[in-house]
Amino acid sequence: MTGKNGIIVMKFGGTSVGDPEKIARVAGRVIKAKSSGSRVVVVVSAMGDTTDDLIELASKISINPGRREMDMLLSTGEQISIALLAMAISEKGCSSISLTGNQAGIITDEVYSNAKIISINNSRILRELKSGKIVIVAGFQGVNNAGDITTLGRGGSDTTAVALAAVLDAKHCEIYTDVDGVYTADPNIVSEAKKIKGLSYEEMLELASSGAKVLHLRAVEFANKHNVVLHVRSSFNDNEGTWVMDESKIIEKMERPVVTGVTYDTNQVKITVFGLKDIPGIAAKLFGAFAAENINVDLIVQNISEKGVSTISFTIGNEDTAIAKKVLEGLKSRIEFSTADINSAVAKVSIVGAGMQTHAGVASKMFDILSGENINIEMISTSPIRISCVILKEKVKSAVKALHSGFELDREKGL
Ligand code: ADP
Ligand code: ASP
Ligand code: MG
């Protein structure tokens, strides 16, 4: 399935381009798509663990490296893969060209390490496609208005691919990865997990935002906004994967299960601020200070105040811990509180499902299952189609497994 202009966007993740043989295999797959008549744009991630290795390398130089320089460093990972893939395609007798985010016209905002794409000038890509080349674009990177390289956050190559599919009117974006599709739980944790055939954008948004890292959240947001159909599939076989599209287009509409999937996120840190004066404006000042540093706050719990004093707990991503400490220091002169605690021994476990909206008792069943595993719930948050609990990190795998079997996801045949 390609858009009316015949363009298809294919994205290959880190494992899929992990070594020279795999790069050669990707080259073969891409050439096959071109031979069958599509105009092909390929997005690739850095090889294997390159991004992690670069982060580790930087940590040996500095405990808190500047974000601009981190982006300069991390963007090199994808630059290696695009060049190698272009060479591999050429070895097989086809013509292609590799482009960095900048060369591909991807303009982002100024937020280093978590930049948002604000526009894409697709003229270079269209020109190269017109000349018959396969166009290979470095995932995860762009350039800001100052001309500096930015990166889109971990897992951001998916977002590059979907954004390109949107501006090229490809309507269809293939995400090739190391699993066969989106499963009812991380198949590397729950061996009984089942592949899901079709998911609505809403469900995929909740799965991605609650930890199913198989798709980057912003990629799903883009797909939803621009109606780009996603096909998440394995780069190691030809099996049909998972289609993510508008709810109304999902053809096989079996009865929706109450719970579609179980997710977990171990990248969470819980901050508790004690002894806050319970007066109007305190929460605004507290969270305003975190927002000013571009720190995303996830779950928030405020206890009932006693004698005009309250406690607020909230979670942030692990990568923001160092900046969060500085924010809390700075807040001491601006709002009254006694102490703040930062706890990284926590994780979030969630259940997601569109069917939840019409079924009562799902939350209590989730709490029952967790209590059956002797797991204490520290925080709870809900959306119409998701329930999340913050628990001890060491319990997260047993929680995911128990919820998966408790909601009988091992018995579902998939949607
Ligand atoms: P890539 O490098 O191809 O972008 P990622 O590592 O980012 O791949 O994402 C694929 C991984 O996502 C899988 O190996 C799997 O462990 C993990 N994952 C987590 N939750 C799910 C899920 N519900 N379905 C499929 N994969 C999942
Ligand atoms: N290489 C980047 C990362 O490891 C981006 C990506 O793989 O999507 O996060
Ligand atoms: Mg990924």
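The values are calculated or read from the model by the stated rules, or taken from the named source; none is laboratory data. Only a predicted model underlies this, so the values are computations on that prediction, with no experimental measurement involved. Because the Cβ atoms are built from the backbone with ideal geometry, glycine has one as well, and the counts that use them run over all protein chains shown. Accessible surface areas use protein heavy atoms only, side chains included; no ligands, DNA or RNA. Shrake-Rupley method; radii C 1.70, N 1.55, O 1.52, S 1.80 Å.
For first residues located in segment 206-227 and within 14 Å of residue 264 (Cα to Cα) and away from ligand 2 (no atom under 14 Å from the Cβ), partners that are acidic (Asp, Glu) and open to solvent by 20 Å² or more (accessible area, probe 1.4 Å) and lie 6+ apart or on another chain with Cβ distances below 6 Å form the pairs 211/265. Can you find even one residue in segment 147-156 that is within 16 Å of ligand 2 (Cβ to nearest atom) and over 19 Å from the mean Cα position of the chain (by Cα)? There is at least one residue in segment 147-156 that is within 16 Å of ligand 2 (Cβ to nearest atom) and over 19 Å from the mean Cα position of the chain (by Cα). For segment 252-303, a residue qualifies if it is assigned to a loop (DSSP other than H, G, I, E, B), within 22 Å of residue 330 (Cα to Cα) and either without any contact (Cβ under 8 Å) to a residue 24 or more places away in the chain or open to solvent by 50 Å² or more (accessible area, probe 1.4 Å) (or both), and the qualifying residues are 278, 279, 280, 281, 293, 294, 296.
Name the one entry in 52, 71 that is within 12 Å of ligand 2 (Cβ to nearest atom), open to solvent by less than 40 Å² (accessible area, probe 1.4 Å), among the acidic types (Asp, Glu) and within 23 Å of the chain's Cα centre (by Cα). Of the residues listed, the single one that is within 12 Å of ligand 2 (Cβ to nearest atom), open to solvent by less than 40 Å² (accessible area, probe 1.4 Å), among the acidic types (Asp, Glu) and within 23 Å of the chain's Cα centre (by Cα) is 71. Of the residues examined, residue 196 is not one that is crowded, with 20+ Cβ neighbours inside 10 Å, within 15 Å of ligand 3 (Cβ to nearest atom) and of a type in the set (Val, Ile, Thr). Whether any residue in segment 37-44 is surrounded by 13 or more Cβ atoms within 10 Å (Cβ to Cβ), among the basic types (Lys, Arg) and within 16 Å of ligand 2 (Cβ to nearest atom) is what I want to check. Checked against the condition, which is being surrounded by 13 or more Cβ atoms within 10 Å (Cβ to Cβ), among the basic types (Lys, Arg) and within 16 Å of ligand 2 (Cβ to nearest atom), segment 37-44 yields no hits at all.
Could you check, for segment 36-55, whether at least one of its residues is more than 16 Å from ligand 3 (Cβ to nearest atom), assigned to a helix (DSSP H, G or I), among the hydroxyl-bearing types (Ser, Thr, Tyr) and free of Cβ contacts under 8 Å to residues at least 24 places away in the same chain? No: segment 36-55 contains no residue that is more than 16 Å from ligand 3 (Cβ to nearest atom), assigned to a helix (DSSP H, G or I), among the hydroxyl-bearing types (Ser, Thr, Tyr) and free of Cβ contacts under 8 Å to residues at least 24 places away in the same chain.
For residue 78, the conditions (1) touching a Phe, Trp or Tyr at 6+ places or on another chain (Cβ under 7 Å); (2) open to solvent by 30 Å² or more (accessible area, probe 1.4 Å) all hold with the exception of (2). Only a single item in (1) away from ligand 2 (no atom under 16 Å from the Cβ); (2) touching a residue at least 12 places away in the same chain (Cβ under 8 Å); (3) over 21 Å from the mean Cα position of the chain (by Cα) is not met by residue 107, and it is number (3).
Looking at this structure, is residue 110 open to solvent by 10 Å² or more (accessible area, probe 1.4 Å) and either within 13 Å of ligand 1 (Cβ to nearest atom) or touching a helix residue (DSSP H, G or I) at 6+ places or on another chain (Cβ under 7 Å) (or both)? No. Quick check on my filter: what residues within segment 304-317 are open to solvent by less than 70 Å² (accessible area, probe 1.4 Å) and of a type outside the set (Ser, Thr, Tyr)? Scanning segment 304-317 gives 308, 309, 312, 314, 316, 317. Does residue 397 qualify as being within 21 Å of the chain's Cα centre (by Cα), of a type in the set (D, E, K, R), under 25 Å from residue 188 (Cβ atoms) and not in a helix (DSSP H, G or I)? When the stated conditions are applied, residue 397 does not pass them.
On the given criteria, is residue 355 under 24 Å from residue 205 (Cβ atoms), in a helix (DSSP H, G or I) and either in contact with a Gly (Cβ under 7 Å, 6 or more places away or on another chain) or not hydroxyl-bearing (Ser, Thr, Tyr) (or both)? Against the criterion (under 24 Å from residue 205 (Cβ atoms), in a helix (DSSP H, G or I) and either in contact with a Gly (Cβ under 7 Å, 6 or more places away or on another chain) or not hydroxyl-bearing (Ser, Thr, Tyr) (or both)), residue 355 qualifies.
Taking the criterion of being of a type in the set (A, V, I, L, M), away from ligand 2 (no atom under 13 Å from the Cβ) and either open to solvent by less than 10 Å² (accessible area, probe 1.4 Å) or in contact with a Leu (Cβ under 8 Å, 6 or more places away or on another chain) (or both), the residues of segment 130-146 that qualify are 134, 135, 136, 143. Taking segment 356-389 as the range and being crowded, with 17+ Cβ neighbours inside 10 Å, of a type in the set (S, T, N, Q) and at pLDDT below 95 as the test, only 381 passes.
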